[in-house]
Each structure stands twice: as C-alpha cells, then as structure tokens.
Amino acid sequence: MIEEIDKKIISQIQRDLPVHPRPFALLAEKIGISEEVFVERVKRLKDRGIIRRFGATLRHQEAGFKANAMIAWKSPENAINENGEKLARFREVSHCYHRAPKGDWPYNLYSMVHGGSRDECRKIARQMSSATGLTDYAVLFSEKEFKKTSMEYFT
Amino acid sequence: MDTTYRKILNEIQSDFPISSTPYRDLAKRLNMTEDAVIEAVKRLKKKGIIRRIGGNFHTSKLNFVSTLCAARVPEEKIDHFVETVNAYPGVTHNYLRAHSYNVWFTFIAEEMAMIEEALETIRQKTGVREILNLPAEEMFKIKVDFAV
C-alpha cells in the first residue's frame with residue numbers, strides 16, 4: 001500500500017533532482033511538506049525496497065560503453081535458474097531475465113551486455129556460451145535508440 | 001575521463017546521499033568542497049554523461065506491471081510504428097535491433113490487460129500484426145552501477 005503523501009514524493013523524485021545544495025528542500029516545498037519529512041520518507045521508501053536505487057543514471061554511450069547487445073538464449077526450462085544465475089554473474093551483464101518463448105520466437109533467457117565495441121560484445125557472448133553450454137543464441141545489437149526515459153508512475 | 005569525474009560518477013550512481021545536504025555529504029566522502037562537487041555534477045549533466053539523478057523504483061512494489069515487447073516491422077512502416085508506440089507514456093525504452101523482430105520496447109502499466117489492449121490498438125493503427133508480449137517470469141539481475 002502506497003500512501004498518498006508517498007505518491008506525491010515519488011512524483012517528484014522520479015524526475016531529475018535539481019543540482020542545488022538543498023535539492024530535497026526545493027522538492028518538498030513543491031508539495032507543501034517540510035524538507036525533514038521529505039528526506040525521512042525517501043529514506044523509508046528506500047528501506048522498504050520501493051526505491052530500488054537512488055542516484056545518477058548514466059548515458060552508457062557517453063560513459064564509454066559504445067555497444068550494447070541483447071543476447072537471447074534458448075535454455076532447457078529445467079536449467080533456467082542455473083543458467084540465469086551463471087549469465088547474471090558476468091560483470092558486463094546489466095539485466096538478466098527469464099521470459100517464456102512465444103510464437104516463432106524460441107528464446108527464453110535474456111541478458112543485456114554492454115561493451116566497448118560490437119566485437120567485445122560477441123566475445124562476451126562466446127564466453128557466456130562456454131560457461132553455460134548453451135549454443136543456441138541470438139545477439140541483437142541496438143542499431144538505434146528510439147526512446148529512453150524514466151517511467152512517471154504518479155503524475 | 002578525468003579522475004575526479006570518475007570518482008564522483010562511481011559514488012553517485014547508487015550511493016547518492018539521501019539527506020538535506022547531499023552534495024556537502026558527497027564532498028566529505030570525496031575530500032572535495034561542496035561547490036566543486038556541484039560544479040562537476042553540473043558539467044557531467046551538461047556533457048550528457050549523467051542522464052538524470054533520482055529514484056529508480058521496484059515496479060511491482062508500486063503495483064505496476066512491466067513487460068518487453070518485440071515487433072516485426074517492415075522498413076517502410078518503422079517511422080509510423082515507432083511514433084505510435086512512443087506516444088504511450090508507459091513505453092520507456094524503444095530500440096531498433098538487427099533481427100527480423102526489429103523493434104523492441106519496454107511497456108509499464110497498472111495492469112497487463114491495459115498493455116494487451118494498447119498492443120491491439122497499435123496493431124490496428126499500424127497494420128503491424130506481429131507484436132510479441134514477453135513478460136518476465138523471473139529476474140536474475142538488474143545491475144546498479146557502471147564502473148566508469
């Protein structure tokens with residue numbers, strides 16, 4: 001259950017924090033509460049795990065990660081957990097999910113890989129393949145970014 | 001990249017202080033002045049290295065659902081398809097990828113039924129029939145930090 005006051009706080013911190021010595025004071029003022037209450041509630045949202053992470057989100061390309069690939073794997077369903085955990089252990093992997101295959105799309109395990117170049121991403125894919133024994137996989141490089149924003153949950 | 005920038009970036013991705021004076025707290029940790037930290041963060045934003053500073057949420061704990069969708073879009077329809085899809089505020093990421101399923105986007109909403117309905121509307125508006133809805137069964141990793 002998310003209280004109304006927390007929804008208002010979330011609506012402020014889901015955007016971009018002002019770069020200012022007292023950023024939370026500015027946001028607190030907008031929703032008519034004190035800075036102290038605002039800060040305490042943000043901490044609590046983090047302790048409750050509702051805020052997964054609080055901090056800066058980088059543009060990977062600008063930070064030196066020139067290539068990103070989604071690698072989709074076909075794993076036996078009974079070894080999904082084991083393989084998912086093996087893939088997740090790779091430093092270069094930012095996201096790793098199990099998704100059910102659908103229609104003519106046979107893959108059921110996904111890993112997002114960030115590297116300095118496409119060759120580097122392919123090399124990581126080969127290392128992941130030998131670590132898991134999975135040989136049926138597709139490397140889908142991102143060719144163009146059409147949209148990248150943060151979700152606005154409560155507006 | 002400058003060592004100072006590097007230190008700041010590695011610090012503020014997941015350890016941004018939640019306090020009344022976060023930049024002063026960061027300055028203490030990094031052995032810098034508060035003004036210098038603020039100036040550096042401003043510059044990193046201006047350069048486009050920092051996209052935003054704020055909260056990232058556990059979608060399901062906010063009672064929202066999320067999914068990944070893949071569409072097979074003929075080249076001549078891509079512009080219209082992307083425009084139609086991106087108009088939904090719940091679509092937060094959308095990429096062109098090299099595969100016959102070439103357009104991949106994430107979709108967040110309060111209920112999966114709303115996403116299914118949106119996908120049907122998108123099919124009708126664009127004539128693109130092949131859109132897969134691939135919700136996660138399990139998450140093994142969401143990485144917090146990028147060492148720069």
Exception for residue B:3 within (1) without any contact (Cβ under 8 Å) to a residue 60 or more places away in the chain; (2) in contact with a strand residue (DSSP E or B) (Cβ under 9 Å, 6 or more places away or on another chain); (3) open to solvent by 50 Å² or more (accessible area, probe 1.4 Å); (4) not charged (D, E, K, R) falls at (2)
On the given criteria, is residue B:118 part of a strand (DSSP E or B) and either out of contact with any helix residue (DSSP H, G or I) (no Cβ under 8 Å at 6 or more places or on another chain) or open to solvent by less than 10 Å² (accessible area, probe 1.4 Å) (or both)?
no
Residue that is surrounded by the fewest Cβ atoms within 10 Å (Cβ to Cβ), among those in segment B:121-135 that are facing chain A (nearest Cβ under 10 Å) and outside any strand (DSSP E or B)
B:130
Test: residue in segment B:102-112 that is within 11 Å of another protein chain (Cβ to nearest Cβ) and not in a strand (DSSP E or B):
yes
Any chance you could count how many residues in segment A:50-79 are over 22 Å from residue B:105 (Cα atoms) and either more than 8 Å from chain B (Cβ to nearest Cβ) or open to solvent by less than 20 Å² (accessible area, probe 1.4 Å) (or both)?
11
Kindly indicate the residue of segment A:123-155 that is among the basic types (Lys, Arg) and under 19 Å from the mean Cα position of the chain (by Cα) and also surrounded by the fewest Cβ atoms within 10 Å (Cβ to Cβ) among those meeting that condition.
A:144
Would you confirm, using the coordinates I've provided, whether residue A:111 is hydroxyl-bearing (Ser, Thr, Tyr) and surrounded by 22 or more Cβ atoms within 10 Å (Cβ to Cβ)?
yes
Selection within segment B:50-65 - over 20 Å from residue B:147 (Cβ atoms) and either open to solvent by less than 60 Å² (accessible area, probe 1.4 Å) or facing another protein chain (nearest Cβ under 7 Å) (or both)
B:54, B:55, B:57, B:58, B:59, B:61, B:62, B:64, B:65
For residue B:47, state whether it is of a type in the set (D, E, K, R), closer than 26 Å to residue A:42 by Cβ and at the interface with chain A (Cβ under 9 Å from one of its Cβ atoms).
no
Take residue A:89 and tell me if it is open to solvent by 80 Å² or more (accessible area, probe 1.4 Å) and basic (Lys, Arg).
yes
Taking segment B:69-100, which residues are surrounded by fewer than 21 Cβ atoms within 10 Å (Cβ to Cβ) and in a loop (DSSP other than H, G, I, E, B)?
B:72, B:74, B:87, B:88, B:89, B:90, B:98, B:99, B:100
Filter segment B:12-49 down to residues that are touching a strand residue (DSSP E or B) at 6+ places or on another chain (Cβ under 9 Å) and at pLDDT below 95 and give me whichever is most open to solvent (accessible area, probe 1.4 Å).
B:15
Any chance you could count how many residues in segment A:60-111 are acidic (Asp, Glu), closer than 26 Å to residue B:10 by Cβ and modelled with pLDDT of 95 or more?
1
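The values are calculated or read from the model by the stated rules, or taken from the named source; none is laboratory data. Just so you know, these numbers come straight off a predicted model, no measurement behind them. With ideal geometry, Cβ positions are generated from the backbone for all residues, glycine too; neighbour counts draw on all protein chains shown. The area values use the complete protein model at the heavy-atom level, side chains included, leaving out ligands, DNA and RNA. Shrake-Rupley method; radii C 1.70, N 1.55, O 1.52, S 1.80 Å.
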